[in-house]
1. Inside segment 52-81, can you point out the residues that are farther than 30 Å from residue 182 by Cα, within 16 Å of the chain's Cα centre (by Cα) and open to solvent by 70 Å² or more (accessible area, probe 1.4 Å)?
2. Note down all Cβ pairs under 6 Å where the first residue falls in segment 261-276 and is open to solvent by 70 Å² or more (accessible area, probe 1.4 Å), the second is of a type in the set (Lys, Arg), and they're at least six residues apart or on different chains.
3. Please name all residue pairs, on different chains or six or more residues apart, with Cβ atoms under 6 Å, provided the first residue is in segment 367-378 and is farther than 11 Å from residue 322 by Cα and assigned to a loop (DSSP other than H, G, I, E, B) and the second residue is at pLDDT below 85 and open to solvent by less than 50 Å² (accessible area, probe 1.4 Å).
4. Could you list, in sequence order, the residues of segment 202-223 that are part of a strand (DSSP E or B) and open to solvent by 60 Å² or more (accessible area, probe 1.4 Å)?
5. Tell me which residues, restricted to segment 44-64, are of a type in the set (Gly, Ala, Ser) and closer than 15 Å to residue 318 by Cα.
6. For residue 145, state whether it is open to solvent by less than 50 Å² (accessible area, probe 1.4 Å) and either of a type in the set (Gly, Ala, Ser) or touching a residue at least 60 places away in the same chain (Cβ under 8 Å) (or both).
7. Would you mind finding the one in 322, 307, 347 that is in contact with a Pro (Cβ under 7 Å, 6 or more places away or on another chain), surrounded by 13 or more Cβ atoms within 10 Å (Cβ to Cβ) and not hydroxyl-bearing (Ser, Thr, Tyr)?
Amino acid sequence: MKRFLTRKDLRMKRKQAIYAAISVIVVIALYLVLTRKEKPEPELPIVCVTPAQQQDVEIYGEYVGRIRAQQFVEVRARVEGFLEQMLFEEGTYVKRNQTLFVINQDKYRAKADKARAQLKKDEATARKAQRDLDRIRPLYEKNAASQLDLDNAIAAYETAVASVGMSEADLDQAEQELGYTIVRSPISGQISERYVDLGTLVGSGNQSLLATIVKSDTVLIDFSMTALDYLKSKERNVTLGQKDSTRSWQPTVSITLADNSVYPHKGLVDFADPQVNPKTGTFSVRAEMANPDHALLPGQFTKVKLLLDVREQATVVPQKSLIIEKGGAYVFVMRKDSTVEKRFIELGPEFQNNVVVERGLAAGEMVVDEGYHKLTPGIKVRIGKAPEAKEEDK
């Protein structure tokens, strides 16, 4: 027998279905909530920062220089004659006044002997003229001799005295020429090879250059600077070639040798040409440098590094932190809240891998030097380590 549902039963069935549907929806919602993945927060850019430092900065200029000896002397024959002796070893060190060469002396010794004899003769004549004058003068006073006799006696005496003076000069000249036959070293230094052989007629119209001597215990280094370098040094009250006791530093020079090693001694600029060469736009500068071991040879070229300026307590940042555009140079500065700021700065001279900041940045501010390519002003950043630092840590 078929059973019919009443309205009450239908309402109960409907409520049960609704409750069941709500339960399913709640269960699905809970499942979705419990199994939902959290949305990840955006990652902050990782950068490396370094503080702007304040330090004394040495500014150098690099040039090409040429080394020359402090003294270079040519030893020449001052009198004519045959070269008889050479009393030194070529290429060795000789002392001042050391005998180097001897020229045949026969002619000059004879000339000196003749001048000496002539002087004795003139001195004897002068003594006789003196005695004659001493006899005539008393007679003239007694009217026993005429005025003419007295005048003749005086003239004879004065002539004899003048002859003595001439003979003395001739003797000095002859002895001087005799002394020139002994050729001595005018300075101490390294002597070259001889330029003439023994037995050669030297002096006067013949070959007179016998050797050269170089004093290279101290050398001079010549190089050229631009007019712009000169103006920059003037801006800092630096006068090249003059010592300034008010400064804690002086314009010193260091040089690099042919094997790229740095010479251990430093030199000091002692001269600067007062005018610029109009053909090259440069002016000549000279530095003096010690050369005790004779490692520097006159005539060789070398690289010169000159200390132009010392910037006291300058603000310095790494060159790799700079971003240069048409509008100028700027860096990203990280604030205390980890946001970055785009800061335009005025650059000064460069040195090593750093650069001086004239304006726009204070010492101690944190500058981004790695990872700035992905930054925009105002963005937050996270500090990381540079790849180089990681490699070093390994």
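The values are calculated or read from the model by the stated rules, or taken from the named source; none is laboratory data. Just so you know, these numbers come straight off a predicted model, no measurement behind them. Please note: Cβ atoms are built from the backbone with ideal geometry, for glycine as well, and neighbour counts cover all protein chains shown. The accessibility values were calculated without ligands, DNA or RNA, using every heavy atom of the protein model including side chains. Shrake-Rupley method; radii C 1.70, N 1.55, O 1.52, S 1.80 Å.
1. 58, 60, 62, 64, 66
2. Listed by first residue and then by second, the contacts come to 271/286.
3. What qualifies is 371/47.
4. 207
5. 52
6. Details: open to solvent by less than 50 Å² (accessible area, probe 1.4 Å): yes; either of a type in the set (Gly, Ala, Ser) or touching a residue at least 60 places away in the same chain (Cβ under 8 Å) (or both): yes.
So residue 145 fits the description; yes.
7. 307
Results for (1) under 17 Å from the mean Cα position of the chain (by Cα); (2) modelled with pLDDT of 90 or more, shown as yes or no for each residue.
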site	(1), (2)
211	no, yes
222	yes, yes
232	yes, no
297	yes, no
302	yes, yes
309	yes, no
